[in-house]
Amino acid sequence: MCRIGAIKSKVPFHPSEALYLMLPQQEGHDNSGFAMVMQDLAGLFAKYKDKPLLSLACTQKGAKLVEDYMEAHNFRPIFEWIPRGKRQPGLDIKALPYYIFRNYDYPEHYRNAGQAEREALLMDTRLALRKILEKDDQGYVYSFWPDVLTLKEIGDPRDIATYFNLWEKNGDLMAKNIVVQCRQNTNYDIVRYAAHPFFLQGYTLCANGENTFYTKNKEFQKSLHRGYVGFESDSQNFLYTLHYVLHELKWPIKYYKHVITPLPFEEIEHRPDKAQLTAIRQSLSHLEINGPNTIIALLPNGNMMTCCDSKKLRPVVVGGDDTTLAISSEVCGLNVILPNRDKSKDIYPNEREVVVITPELEVQRWKQ
Amino acid sequence: METVKTQDVTFNDLNWKIEYDADRCTMCGSCVAVCTFGAIEVVAERRSKTVSKGHQPDPTQQHQAVPVIKQKNGAANACVGCGICEKICPNRAIHPVRNTDSRGTLVSRSGSPIKRGGRTNLNADRTLDKIVVGRISQMTDPSLDSERHTFDILAPFGRVLPATELPFQSDGSELSLTGKTPPVNWIYPVIFSDMSIGALSTRAWEAVSLATAYLNEKHHIPVRMSSGEGGMPVKLMESEYLKYTILQIASGHFGWNRIIKAMPRMKVDPAGILIKIGQGAKPGDGGLLPAAKVAEHVQAIRGVPKADLMSPPNHQGLYSIEESVQKMFLSMNAAFKFRVPVAIKCAASATSVSVYNNLLRDPYKICGGFFIDGIQGGTGAANEVSLDHTGHHVVSKMRDCYLAAVKQGRQGQIPLWAGGGLGMTGNAAADAFKMICLGANGVFIGKLLIQLCGCVGNEHGRCNSCSTGKCPTGICTQDPRLVKRLDVDKAAQNIVEYTLALDSELRKLMAPIGNSSLPVGRSDALVTTDNAVANKLGIQYVC
Ligand code: SF4
Ligand code: SF4
């Protein structure tokens, strides 16, 4: 079982916080990886918030392939952060030779393009890079998006942090949101693309559980959007559905839960919004999920969200103070990073509940 | 000695031979009285007997004329193996035996094709029994509890729009509907399939209809029953119970004048309309109700005189799928003012995927279900050549249709319903569940229901005499004396009890794979030890 977590704060914080949140939850587990998505960056990247940031790991040949592609497609590099960690021997990390965290300027003819066009360009570029790198197994591209940085690696999270110098709070790498996971999935092959969190066009998501409707979801999602690819993990289904409901269908957020875990027909029958709920359930029956799950998502507008499966078969807790709130599979993580919070205010969402934290740290809760 | 004429048809040329034990027989005559086919008679036979009457043994041989039960010669009175004589005999003196050296297929074709009812006798192989539910929730995800958890066991009947076409308007936090969507009824994933009054006796039809109403009203299991071609009693059409019925229109359009006349007085809408294009048991063969079965009440319901009633193999004027769609659109949808979903039933065929694609792409989006009927389905009357030698297996065909929809991202838009031999071994829940995992939204069952009413026919040539008007169980005949053999209440009760068991069995299959709603298209839950089946259906091969 994975452990997942997320921190949201009014003031930028350092990724080591995310490690402190996760490590206590690692008890008895295999420490097989570390992955995080940072959004709303401060520190080194603060000046380039509107410039798409490419996060990838690759071989030397892969790096060249990426450079060539970006150049050929008129992306101009404007800033790069090279992690200068301690590459000491004995670290448990399956490191790749190159890690690229690089801001680009949009191609000339996209400077005045609208939001939708830019979003499409960024996604298509990432998909193209993925394809190029995949060919001879030359690397992995995680995100290409303004103000979003993704880091994923296989190994012991402590050592990965050492390798990337994440223990040193030097102010280089800071963000107001981090979604994090400290364990590779256990059900599938250990591959970097199968590690949560997953990212697509501003939507980040990680999940803890097993989606037993994976095959149904996958078969349906494949034809819904060209960005719904990979499917290395059954948790990608959650991200793609989130993206589909909010970004493609443009439905309000509360309907996401109605899509993934619809109410039983008997209950729908007694609801005032019966017509809508029935229509949603029947049209998107192939996006319903089953099995034990908790998800944490981060949206383009900076809202953070968590909810569970319809039987609440996986735990999650939300807690914090006026400046920082965190979501975690287990409360022990919260106790480490936010020991002085008012624990009586911790929220344990139930199977019908959705909890959203806004950038102002307002907590919204509602029942499906 | 008589000269043997080898062309004479004698009982040992026929499919069934009667075994009779004169020593056990008390000459009650029940078997002869009960045999509706006139296959046996009482005759006197000369027997040589050794008799001893005195105090001391004093055996003498005598010739006596003794009454015995004897099977008749000739194909016209052939025993069909129904076993009713055996059922009634108090002394177990008589029973039919399958004649492994039968010449039945040769001696029964006297100038015209063999006609019979029932089902195919040649294609009874079972793909579904080679498949098991092999993806059981263990460590990674918990099984559910079939007794404790709630399960949503419902399937759509009606056209489902893609989400992008739902007439929704968003104010940022709520969606509201700004237009109409096609009607969709969520019903039990097992439909009691279309068997007409005419093919069935009124009593048998009544038993199915009683069971349907009882399951809905008392057990809240929303089972729907299809009327079959030929309409239904006006009283029922004008009652509340119409909502449990799917009205069928087939190529003969029998009964529709009465349905249309009853419309203004209908209190509720029917559950749906099913347009029958073809039937899996006898694709391309049209409907057939022999005059022998066109009793007075059948004439009344259908509005016809006593005569052979043939439904043409096609709807008149129907020359393309597009036209059938139009036909549905214009007549059926409009008839009920677009409140009642309209579905279509076709015999499974090598062309099913094309038909399904056409329906999926129909711009009016009015087809509310695609019913595929396989070769193992049943019928009241058909030419044996159609029953045994035409048709298509339903399992892979339904799967092909589902995958065709998957390819286009249209799965679920026109619900897939499969039938034709499902439940033929008595295990309808397992059959339904596997079909659902392969992509069906639900299944329809017919033969199983009449078997629950007492039908003794099977896939090995037993009985299958539904076309003769002599159904020995009173199910498939209009002869009032035979119909009395059927206890309506008991038959309905059998159907109810079977359905309750089926419902629990479905839960028992959903719980271990950890699903609380139907796993439509969850092919990953299935495995097979047959490599060919695995390849064809795209499921995991195991050994
Ligand atoms: S088995 Fe049926 S058809 Fe044959 S003799 Fe007995 S009752 Fe008649
Ligand atoms: S018992 Fe009646 S319904 Fe069953 S096969 Fe024989 S004739 Fe047909």
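For the range B:488-518, a residue qualifies if it is within 14 Å of chain A (Cβ to nearest Cβ) and of a type in the set (A, V, I, L, M), and the qualifying residues are B:LEU509, B:MET510, B:ALA511, B:ILE513, B:LEU518. Here B:ALA65 passes the criteria (1) away from ligand 1 (no atom under 14 Å from the Cβ); (2) within 30 Å of B:GLY111 (Cβ to Cβ); (3) in contact (Cβ under 8 Å) with a residue 12 or more places away in the chain except the one numbered (2). Take B:LYS434 and tell me if it is within 16 Å of ligand 1 (Cβ to nearest atom), of a type in the set (D, E, K, R) and touching a Leu at 6+ places or on another chain (Cβ under 8 Å). Judged against the criteria, B:LYS434 is not a match.
Taken over the range A:237-292, the criterion of being within 8 Å of another protein chain (Cβ to nearest Cβ) and of a type in the set (S, T, N, Q) is satisfied by A:GLN276, A:THR278, A:GLN282, A:SER283, A:SER285, A:ASN290. Among the residues of the range B:194-230, which ones are over 16 Å from B:ALA381 (Cα atoms) and in a loop (DSSP other than H, G, I, E, B)? Of everything in the range B:194-230, those that are over 16 Å from B:ALA381 (Cα atoms) and in a loop (DSSP other than H, G, I, E, B) turn out to be B:LYS218, B:HIS219, B:HIS220, B:ILE221, B:PRO222, B:VAL223, B:ARG224, B:SER227.
Filtering the range B:347-377 to residues that are in contact with a helix residue (DSSP H, G or I) (Cβ under 6 Å, 6 or more places away or on another chain) and outside any helix (DSSP H, G or I) leaves B:ALA348, B:ASP362, B:TYR364, B:ILE366, B:CYS367, B:PHE370, B:ILE372, B:GLY374. Please go through the range B:29-56 and pick out each residue that is more than 16 Å from ligand 2 (Cβ to nearest atom) and under 36 Å from the mean Cα position of the chain (by Cα). Passing the criteria: B:GLY29, B:SER30, B:CYS31, B:VAL32, B:ALA33, B:ILE40, B:GLU41. Residues that are within 14 Å of another protein chain (Cβ to nearest Cβ), of a type outside the set (A, V, I, L, M, F, W, C) and within 30 Å of B:GLY280 (Cβ to Cβ) within the range B:123-138 comprise B:GLY134, B:ARG135, listed in sequence order.
Among the numbered conditions (1) among the basic types (Lys, Arg); (2) within 16 Å of ligand 1 (Cβ to nearest atom); (3) within 14 Å of another protein chain (Cβ to nearest Cβ), the only one that B:ARG410 does not meet is (2). Of all residues in the range B:144-165, which are within 7 Å of chain A (Cβ to nearest Cβ), more than 16 Å from A:HIS286 (Cα to Cα) and surrounded by 19 or more Cβ atoms within 10 Å (Cβ to Cβ)? Within the range B:144-165, no residue meets the criteria.
The residues on offer are A:ALA128, A:ALA195, A:ALA175, A:ALA113, and the sole one that is more than 21 Å from the chain's Cα centre (by Cα) and either away from chain B (no Cβ under 14 Å) or modelled with pLDDT of 90 or more (or both) is A:ALA113.
Taken over the range B:72-92, residues that are at pLDDT 95 or above, more than 7 Å from ligand 1 (Cβ to nearest atom) and farther than 16 Å from B:SER467 by Cα amount to 7. When the range B:172-188 is filtered for residues that are part of a loop (DSSP other than H, G, I, E, B) and more than 8 Å from every other protein chain (Cβ to nearest Cβ), the ones remaining, listed by number, are B:THR178, B:GLY179, B:LYS180, B:PRO182, B:PRO183, B:TYR188. A:LEU205 passes every criterion in (1) assigned to a helix (DSSP H, G or I); (2) touching a strand residue (DSSP E or B) at 6+ places or on another chain (Cβ under 7 Å) apart from (1). Kindly evaluate A:LEU129 against the criterion of being under 25 Å from A:GLY155 (Cα atoms) and either among the charged types (D, E, K, R) or surrounded by 14 or more Cβ atoms within 10 Å (Cβ to Cβ) (or both). Yes; evaluated as a whole, the condition is true for this residue.
Within the set B:THR473, B:THR499, the sole residue that is within 14 Å of ligand 2 (Cβ to nearest atom) and either of a type in the set (S, T, N, Q) or at pLDDT below 95 (or both) turns out to be B:THR473.
The set of residues in the range A:117-141 being farther than 16 Å from A:GLU67 by Cα and touching a helix residue (DSSP H, G or I) at 6+ places or on another chain (Cβ under 8 Å) consists of A:GLU117, A:ARG118, A:LEU121, A:ASP136. For B:ASP141, the stated conditions do not hold, so it cannot be described as assigned to a loop (DSSP other than H, G, I, E, B), within 14 Å of another protein chain (Cβ to nearest Cβ), among the charged types (D, E, K, R) and surrounded by fewer than 20 Cβ atoms within 10 Å (Cβ to Cβ).
Evaluate the following for A:VAL354: is it in contact with a Phe, Trp or Tyr (Cβ under 7 Å, 6 or more places away or on another chain), more than 28 Å from B:GLN411 (Cα to Cα) and within 13 Å of chain B (Cβ to nearest Cβ)? Taking the combined requirement at face value, the residue satisfies it. For the subset of the range B:235-252 comprising residues that are free of Cβ contacts under 8 Å to residues at least 40 places away in the same chain and closer than 28 Å to B:GLY286 by Cβ, which member is surrounded by the most Cβ atoms within 10 Å (Cβ to Cβ)? By that ranking, first place goes to B:LEU247.
From the list B:PRO189, B:PRO142, B:PRO113, which residue is in contact with a Pro (Cβ under 7 Å, 6 or more places away or on another chain) and in contact (Cβ under 8 Å) with a residue 24 or more places away in the chain?
Result of the check over B:PRO189, B:PRO142, B:PRO113: B:PRO142.
Taking the numbered list (1) away from ligand 2 (no atom under 16 Å from the Cβ); (2) closer than 30 Å to B:LEU422 by Cα; (3) surrounded by 11 or more Cβ atoms within 10 Å (Cβ to Cβ) in turn, B:THR100 passes all entries but (3). Any residue at all in the range B:448-462 that is in contact (Cβ under 8 Å) with a residue 60 or more places away in the chain, more than 14 Å from ligand 2 (Cβ to nearest atom) and surrounded by fewer than 24 Cβ atoms within 10 Å (Cβ to Cβ)? No; the residues of the range B:448-462 include none that is in contact (Cβ under 8 Å) with a residue 60 or more places away in the chain, more than 14 Å from ligand 2 (Cβ to nearest atom) and surrounded by fewer than 24 Cβ atoms within 10 Å (Cβ to Cβ).
Here is the figure for the range A:198-214: residues that are surrounded by fewer than 22 Cβ atoms within 10 Å (Cβ to Cβ) and in contact with a Ser or Thr (Cβ under 7 Å, 6 or more places away or on another chain) total 0. Quick check on this structure: which one of B:LEU502, B:LEU486 is in contact with a Cys (Cβ under 9 Å, 6 or more places away or on another chain) and surrounded by 20 or more Cβ atoms within 10 Å (Cβ to Cβ)? Of B:LEU502, B:LEU486, the one residue that is in contact with a Cys (Cβ under 9 Å, 6 or more places away or on another chain) and surrounded by 20 or more Cβ atoms within 10 Å (Cβ to Cβ) is B:LEU486. Among the residues of the range A:90-116, the one identified as without any contact (Cβ under 8 Å) to a residue 24 or more places away in the chain and either under 15 Å from A:VAL66 (Cβ atoms) or aromatic (Phe, Trp, Tyr) (or both) is A:TYR110. I'd like to check something: does the range A:218-233 contain any residue that is out of contact with any Pro (no Cβ under 6 Å at 6 or more places or on another chain), surrounded by fewer than 23 Cβ atoms within 10 Å (Cβ to Cβ), in a loop (DSSP other than H, G, I, E, B) and facing chain B (nearest Cβ under 7 Å)? The answer is yes, given that some residue of the range A:218-233 is out of contact with any Pro (no Cβ under 6 Å at 6 or more places or on another chain), surrounded by fewer than 23 Cβ atoms within 10 Å (Cβ to Cβ), in a loop (DSSP other than H, G, I, E, B) and facing chain B (nearest Cβ under 7 Å).
The values are calculated or read from the model by the stated rules, or taken from the named source; none is laboratory data. This structure is a prediction, so every number in the text was calculated from the model and none was measured. Neighbour counts run over all protein chains shown; Cβ positions are idealised from the backbone, glycine included.
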